[in-house]
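Everything on this sheet refers to the single structure shown next.
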Amino acid sequence: MPCERKPMRFDHSEGHTEVCFDDSGKFIVTCGNDGDVRIFEGLDDDDPKFISVGEKAYSLALKNGKLVTASSSNTVQIHTFPDGDPDGILTRFTTNATHVAFNSIGSRVAAGSSDFMVKVVEVSDSSQQKTLRGHEAPVLSVTFDPKDDFLASASCDGAVIVWNIEEQTQVISWPLLQKTNDVSNAKSLCRLAWQPGTGKFLAVPVETKVHLYQRGSWDHVSTLSDDLLSQPINVVAWSPCGRYLAAGSVGGSLMVWDVNSKLCVERQKHEKGFTVCGLAWHPSGTQIAYTDTEGCLGLLDGLSTSNTTKAPEQTPAKDYDDLFDDDDDRLMDEGLSDTNSPVKKPVAEEDDDDDDDFLVPATGRVRNREAILDDENSRDTGSLRLGQDKFGDDDDSGSVVVPAAAPLLPSRPVYDGPLPTPPQKAFQPGSTPAHLTHRFMMWNSVGIVRGYNDEQDNAIDVEFHDTAVHHTMHLTNSLEHTMADLSQEAVLLACPSTDELASKLQCLHFSSWDTNKEWMVDLPKGEDVRALCLGQSWAAVATSTLMLRLFSIGGVQREIFSLPGPVVCMVGHGEQLLIVYHRAAGFDGDQALGVQLLQFGRRKRQLINGEPLPLSHKSYLSWLGFTAEGTPCYVDSVGVVRMLNRSLGNTWTPVCNTRETCNSKSDHYWVVGVHENPQQLRCIPCKGSRYPPTLPRPAVAILPFKLPLCQTTTEKGQMEEQFWRSVLFHNHYSFLSSSGYEIDEHGQSQSQKEQQELLMKMFALSCKLEREFRCVELAELMTQNVVTLAIRYASRSRRMALAQRLNEIALEKANQIQEEEEEEPEYSRQTAGYDRSEATGGRYCSRRNQEEEEEQEEELGVVEEDGQEMESEEAAETRKRVNPFAKDAGSPVEPSLTPVGKAGRANPFKVLGSGKPSASSGQPRVTNILDNMTSSRKLGPLSGSAGKPNKGPVLKPLAPRPKTKTQSTLLQMTGKKAANKKSQENTEPAAGQQKRPDVPPPTSPADNTENKRPKTGFQLWLEDNRKSILADLPDLEETDIIKEAMGRFRTLSAEERLSWTERAKGQTGDAADLKKRKRAEEEEEEERGGVENENGQAEADETSAKKKKSLDPSSKLSAFAFNKF
């Protein structure tokens, strides 16, 4: 194949240059380091047209009048050809794209990038993209299978991967290349090429040879080499006919092989010996254009491929023989020409003489060759079968001789089941990929850690959101740290090991009070840091040996334990440590991840032990963290945000889908933080990429949360979504209080009020739709006070059957409150949990809660049936309810008002726990629709007692006060029970108001406790069992004793607990007082026109028997609402 080498001509500035022909072969198109695309009508064209595409152009592809380029702006652009008009941006990456390629029909473009990703984009609709992830270093090249089923890519991680495009999965991966960290440092560009037409072979340049892999079996079937080739091959290209393969090397050599004979048919040398980095065949197959790294363009002309179609018919047997020469000669005498085997020709002649007997001698020779190969270099039998495959395929392309393929089918079974998913690599949440020269090593709620690793500087900058924590730090990164975490106490850094140095962990403890603020630890040999995190006074490191090491913030080594699988990432928050790891191999694109949640402190415990971590289909974990309030959450690559639901058995609930707010499929949100109160997802919008650039500093956006419930466009669906979201996002109050942390009392009460208002709205909507069964279901979710409001609403709506059922529910809730009060006298916990189970603190909390509950009652009445009536009365009443303690506001009695919450007397914290009143605390004075509707039933006493100090005086009747005395005794008698009941009822205003005046006795915590404790079943049980508890646990303090007692009391059966409650009632002898109170309340009720007293409901539950008096339904309801006692 003699050819003429044309003189080189200047094309672009010095640097990487690429070349291609247009479909007709009329134009030669090049791109280079100057950012221009030049269009030549021939090598001698002195005035080429040019298109400027950016500062630098790294790659180009041309098909069907569309010119695609990869530029330095991290984009893949498209222009019309030959006009050069911009036609938009196909896709974006976080760093520059390194190679682009069209498929055989020009409908798709594949692009590889330095951010390890390969994207396949539809030319007609750039939003139709597929992203292939699996490379661990910048991508060198990409090429399409001619049939458009597969795509091959090579990377600096040393792997050549074949992908299934539709499934976005890896078919096979070959570790063939030398690893490097960047394309500029790679010894070879490894430009892959797929044989046109049938796509039978994939050509892969490996060092000084070209490996041919067969499509389908993916076996290495042949190697093309040349004795004169001493430098690595950079780029390969198939001739249009598919028979010849051209290659350009780093040393400037140009070779052309006949693939059938594996003979090098053409050798040329670059006139100056520069590296050949671009190669393209003319559509006619008679010319090869090439470019070098100096920006010059050359041409080989006069190549002859006229005998391409004849070769397969003329030499089928020779090809078969050549197969073994390839395997044989390459192994035994690598580098020698395959055509020099003296044994071949006679056999080839025999085979040529009789095509029918072709398979018989072939089989014999195969066995002989196999023996030689096994002796020589332990080649496996796969080479034999592959050789037969190759020969059969050659015949298919030319002479239609297919028999050779038949014996191959049974020799290797084919697996059609699901394929394993490559495991996700470990990463640091809040960081960008390590290969970037400028990257975020950490971005969290404390600050930002940036890493710079370029020619000028290798440093780390630490910037704090709040400069009061610490000033900005600039650190020299001499140890090549790649991982970081940041807390309000320290900066934690880690670097991988090298051949000489061990993996190191470095901590800058800037909050230390001494002068030595830095410590460093070397990990054992062969152990590398894979993930790290900081917590409150501790640091954790997960290593490559499946170990997790704990350190104190000062550098003391602590516990160490093994992980069930390779770590993916981990995060810390306060005393909590969240670890995600690979629990098994995933299939069909899914990752099989497990999660562990540990809590440190006095009692170390594991909250979640190896449960599977739910991910969207064919996605991977992209961010893991805690909310600002300490709830674990994470984001997957599809954009779904999930949060731990502690109240539902530590399940994971999806709370947001960031993809719903993206304008394009190539856009993403990079999450940096989550807040539960207010509900905010803090993230950075990334246009056309998954990661933000370090400069300019990206702006943080705030996305709302939304649970994926059904029919959220309807009023019912919207309220349901709001309610359950509110419940989920306020679970942290319970967890924090149970862990001994102080809680935002106002925030908790607001959340509870919000939830109860939503329930009342849904209740009213269900009533209007005549869904009474649904109304009862909603009532089950309400607090006792709100159920009372629902009863009023149902009564005003003339739904007496519903009101009667709600009455039963209210009684049940009152009984439950009693039991809970007895069980948790001082647990004052999560719900109330503002103080840590101290009696005094609990009382004060209960007082606050009571006030909030009464306010809630006022606001919960927001549901109107007709939107009419008695606003003034209701307003006054609601005001009175808002703060039943308003009258006695000055005195501590207000807090002790039991109606506000069960926590009132029995358990001040319980009041909060019930959280029913707190929900309404926000707007005590607002008149509610429910109040309007039930205003007639709202008794003056209710309003008076519930009213806030300012509003209360207006409507407060003084008559209830005498009753208050009886009520106060009742309250004392029922103690914390009554208070808790009232809180659950949402402190019905009327009864609450009356009882509130009685609160004065409760005002003094001592009095309340004295009266209440002897009268609660739990306290009686505790007195009897205190000695046994102390005998078992002699070192417990008083608060711990109560907690332990509470736990044991809960284990009792309901009958046993009820018996203790009855004993408590019998000892107090409050029955007479309760009767008096009931009579007084009834008298007052008659005086006020039969208005219901809401606060009385809580106590009425104890005297439910009295409530069963033979009254007509409406009188029963009003009596219940006024005072259950």
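The values are calculated or read from the model by the stated rules, or taken from the named source; none is laboratory data. Model, not experiment: these values are computed from the prediction. All Cβ positions, even for glycine, are placed from backbone atoms using ideal geometry, and neighbour counts span all protein chains on display. Quick note on the areas: whole protein, heavy atoms, side chains included, nothing else; ligands and nucleic acids left out. Shrake-Rupley method; radii C 1.70, N 1.55, O 1.52, S 1.80 Å.
Computed values, structure above
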quantity	calculated
Pair list, Cβ under 7 Å, 6 or more apart: the range 89-107 residue under 12 Å from VAL123 (Cβ atoms), other residue acidic (Asp, Glu)	ASN103/ASP148; SER107/GLU122
Qualifying positions in the range 779-796 - out of contact with any strand residue (DSSP E or B) (no Cβ under 9 Å at 6 or more places or on another chain) and within 23 Å of GLN818 (Cβ to Cβ)	ALA779, GLU780, LEU781, MET782, THR783, ASN785, VAL786, VAL787, LEU789, ALA790
Hey, SER445 of a type outside the set (Val, Ile, Thr), under 31 Å from the mean Cα position of the chain (by Cα), open to solvent by 80 Å² or more (accessible area, probe 1.4 Å) and over 25 Å from SER562 (Cβ atoms) or not	yes
Number of the exception - GLY242 against (1) open to solvent by less than 10 Å² (accessible area, probe 1.4 Å); (2) in contact with a strand residue (DSSP E or B) (Cβ under 7 Å, 6 or more places away or on another chain)	(2)
Where HIS509 falls short, out of the listed (1) at positive phi; (2) surrounded by 15 or more Cβ atoms within 10 Å (Cβ to Cβ)	(1)
Qualifying residues in the range 10-22 (those that are among the charged types (D, E, K, R) and open to solvent by less than 50 Å² (accessible area, probe 1.4 Å)) - the one farthest from PHE102 (Cα to Cα)	ASP11
Long-range neighbours under 8 Å by Cβ, at least six apart or interchain, first residue closer than 15 Å to TYR244 by Cβ within the range 285-305, second crowded, with 22+ Cβ neighbours inside 10 Å and of a type in the set (D, E, K, R)	THR305/ARG243
Residue within the range 300-317 that is open to solvent by less than 10 Å² (accessible area, probe 1.4 Å), under 23 Å from VAL204 (Cα atoms) and either in a helix (DSSP H, G or I) or at pLDDT 85 or above (or both) present	yes
THR543 crowded, with 22+ Cβ neighbours inside 10 Å, among the hydroxyl-bearing types (Ser, Thr, Tyr) and either under 24 Å from the mean Cα position of the chain (by Cα) or more than 27 Å from ASP457 (Cα to Cα) (or both)	yes
Per-region count, the range 224-253, residues under 16 Å from LEU192 (Cα atoms), touching a Leu at 6+ places or on another chain (Cβ under 7 Å) and either of a type in the set (Ser, Thr, Tyr) or touching a residue at least 60 places away in the same chain (Cβ under 8 Å) (or both)	1
Enumeration of residues in the range 101-147 that are surrounded by 21 or more Cβ atoms within 10 Å (Cβ to Cβ), in a strand (DSSP E or B) and hydroxyl-bearing (Ser, Thr, Tyr)	SER113, SER141, THR143
Residue within the range 51-59 that is in a strand (DSSP E or B), touching a helix residue (DSSP H, G or I) at 6+ places or on another chain (Cβ under 9 Å) and open to solvent by 50 Å² or more (accessible area, probe 1.4 Å) present	yes
So GLY717, is it in a strand (DSSP E or B), out of contact with any Pro (no Cβ under 7 Å at 6 or more places or on another chain) and of a type in the set (Gly, Ala, Ser)	no
Pair list, Cβ < 6 Å and 6+ apart or interchain, from the range 109-120 residues that are under 9 Å from HIS135 (Cα atoms) to residues that are open to solvent by less than 10 Å² (accessible area, probe 1.4 Å) and among the small types (Gly, Ala, Ser)	VAL118/GLY112; VAL118/SER153
Residue ID - nearest to ASN677 (Cα to Cα), chosen from residues in the range 738-773 that are polar (S, T, N, Q) and touching a Phe, Trp or Tyr at 6+ places or on another chain (Cβ under 7 Å)	GLN748
PRO692 being surrounded by 16 or more Cβ atoms within 10 Å (Cβ to Cβ) and in a loop (DSSP other than H, G, I, E, B)	yes
All positions within the range 277-297 that are hydroxyl-bearing (Ser, Thr, Tyr) and in contact with a Phe, Trp or Tyr (Cβ under 8 Å, 6 or more places away or on another chain)	THR293
Selected residue [surrounded by fewer than 23 Cβ atoms within 10 Å (Cβ to Cβ), part of a loop (DSSP other than H, G, I, E, B) and out of contact with any Lys or Arg (no Cβ under 8 Å at 6 or more places or on another chain)] from ALA502, ALA434, ALA426, ALA459	ALA434
Residues within the range 624-659 that are in contact (Cβ under 8 Å) with a residue 12 or more places away in the chain, β-branched (Val, Ile, Thr) and open to solvent by 10 Å² or more (accessible area, probe 1.4 Å), tallied	3
PHE21 over 30 Å from ASP258 (Cα atoms), within 49 Å of the chain's Cα centre (by Cα) and among the aromatic types (Phe, Trp, Tyr)	no
Tabulated pairs, the range 1040-1068, first closer than 19 Å to LEU1030 by Cβ and assigned to a helix (DSSP H, G or I), second open to solvent by less than 80 Å² (accessible area, probe 1.4 Å) and of a type in the set (Ser, Thr, Tyr), C-beta under 7 angstrom, 6+ apart or interchain	ILE1042/SER837; LYS1043/TYR827; LYS1043/SER837; MET1046/TYR827
Pick from the range 758-811, criterion more than 24 Å from SER726 (Cβ to Cβ) and acidic (Asp, Glu), ranking: least open to solvent (accessible area, probe 1.4 Å)	GLU772
Lone unmet requirement of (1) touching a Gly at 6+ places or on another chain (Cβ under 6 Å); (2) over 24 Å from ILE105 (Cβ atoms) for SER239	(2)
